[in-house]
Amino acid sequence: METALFPVTRLYGGNMQFLGGLPELLAAYREFTRDLTEEMTTSLAIMNVPPSPAFPEALHGRILTTLRVAFTGDAAEGERLLSPLRALGPMADAVAEMPYTDVAKIYADPAGPIRTRERSGALRELNDTTLRRLLAAAGPGAERPPLVVEIRHLGGALARAPGRPNAVGPRDAEFTLFVADIAPDPALDATLEEGRQRVFDDLGSSLTGQVIPPNFLTDHDTTARQVRTAYRCQDYDRLVSLKRRFDTGLPIHPRIAHARPRKSSSAQPDRSRIRRCAAGQRG
């Protein structure tokens, strides 16, 4: 395995937090991500704040949206690009020049372990229909929404064919979808899963039916068919073949152990399987 490294020593990054105003923020974010330079990577996380002592009481029952930013270009250019979003008046703005060693501050995840339940998908694009569905799933009036519904902008190298073949997966989505709940009590897992399922139901055909990239597979993806959605058919088959040849004891991915060898010995392609795979990747 060969891994390419990039000489990144600094970046313009951090996060902004917005209280309320989700429809306007989503619309502005859609415009912001159109034709965006590859030097800019962002995500938008919608949090429906629960009445929990873990959050300030003033935020209980409100929608807190976090814009996360990593820009490897010049800080002045980063400020210019972000100006339409800053114009919406974030309640907190921590986007600034930083050394790359501080990159973890952009997400500011808790230092200790937290039990969560998660689910991932991919969005074709942020058109009017998708924005309307996102608001129905996670905006004001949403029915028991998950704690976090996040969209992460793709593009760049994730939208192009690689110079060398790899197993990154399909490349036709503009955004990943990440849905998560903090779940300290396993007895509530089924109830929380209902909320996550409603998000996927609301988004419907805005989703590609895939999970990308493969490291976004979660505990929801427990069957070989679900795991296949993270890979192109030929890549999945190659991974399974390599596993059987070189690593029969441990799976490449916990779910790939579910793969079954194909029984056909014919040199001709399995047309029925190709149709099944294509249908599965269309979602």
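Considering Ala94, Ala87, Ala75, Ala104, the condition of being loosely packed, with under 12 Cβ neighbours inside 10 Å, at negative phi and over 19 Å from the mean Cα position of the chain (by Cα) is satisfied by Ala87 alone.
The set of residues in the range 153-164 being in contact (Cβ under 8 Å) with a residue 60 or more places away in the chain and open to solvent by 40 Å² or more (accessible area, probe 1.4 Å) consists of Ala157 alone. Sub-6 Å Cβ pairs linking a first residue in the range 103-123 that is in contact (Cβ under 8 Å) with a residue 12 or more places away in the chain to a second residue that is of a type outside the set (A, V, I, L, M) and in a loop (DSSP other than H, G, I, E, B), at least 6 apart or interchain, are Arg115/Pro184; Glu118/Thr218; Arg119/Thr218; Arg119/His220; Ser120/Thr218; Ala122/Thr208; Ala122/Gln210, ordered by first then second residue.
When the range 195-214 is examined, which residues are found to be among the β-branched types (Val, Ile, Thr) and either more than 16 Å from the chain's Cα centre (by Cα) or closer than 17 Å to Leu131 by Cα (or both)? If the condition is that a residue be among the β-branched types (Val, Ile, Thr) and either more than 16 Å from the chain's Cα centre (by Cα) or closer than 17 Å to Leu131 by Cα (or both), then Val199, Thr208 are the ones that fit. Considering (1) among the polar types (S, T, N, Q); (2) loosely packed, with under 12 Cβ neighbours inside 10 Å; (3) within 24 Å of Glu125 (Cα to Cα), the lone condition that Thr66 does not fulfil carries the number (2).
Which of the residues belonging to the range 109-152 are among the acidic types (Asp, Glu), open to solvent by 10 Å² or more (accessible area, probe 1.4 Å) and outside any loop (DSSP other than H, G, I, E, B)?
Of everything in the range 109-152, those that are among the acidic types (Asp, Glu), open to solvent by 10 Å² or more (accessible area, probe 1.4 Å) and outside any loop (DSSP other than H, G, I, E, B) turn out to be Glu118, Asp128.
Looking across the range 26-61, the residues that are of a type in the set (Val, Ile, Thr) and open to solvent by 40 Å² or more (accessible area, probe 1.4 Å) come down to Thr37, Thr41.
From the list Arg86, Arg62, the one residue that fits, being under 14 Å from Asn15 (Cα atoms) and charged (D, E, K, R), is Arg86. Applying the set (1) closer than 23 Å to Leu26 by Cα; (2) touching a Pro at 6+ places or on another chain (Cβ under 7 Å) to Arg115 leaves exactly one unmet item: (1). Would you confirm whether or not the range 1-20 contains a residue that is in contact (Cβ under 8 Å) with a residue 24 or more places away in the chain, in a loop (DSSP other than H, G, I, E, B) and open to solvent by 50 Å² or more (accessible area, probe 1.4 Å)? The answer is yes; a qualifying residue exists.
For the range 212-264, the candidate set comprises residues that are over 23 Å from Gly121 (Cα atoms) and in contact with an Asp or Glu (Cβ under 9 Å, 6 or more places away or on another chain); within that set, the residue that is modelled with the highest pLDDT is Arg262. In the range 165-186, the qualifying residues are those that are in contact with a Ser or Thr (Cβ under 9 Å, 6 or more places away or on another chain), of a type outside the set (D, E, K, R) and open to solvent by 30 Å² or more (accessible area, probe 1.4 Å), and the one that is nearest to Glu118 (Cα to Cα) is Phe178.
The values are calculated or read from the model by the stated rules, or taken from the named source; none is laboratory data. Not measured: the values here are computed from a predicted model. Cβ: placed from backbone, ideal geometry, glycine included. Neighbour counts: every protein chain shown. Heavy atoms of the whole protein, side chains included, go into the accessibility calculation; ligands, DNA and RNA do not. Shrake-Rupley method; radii C 1.70, N 1.55, O 1.52, S 1.80 Å.
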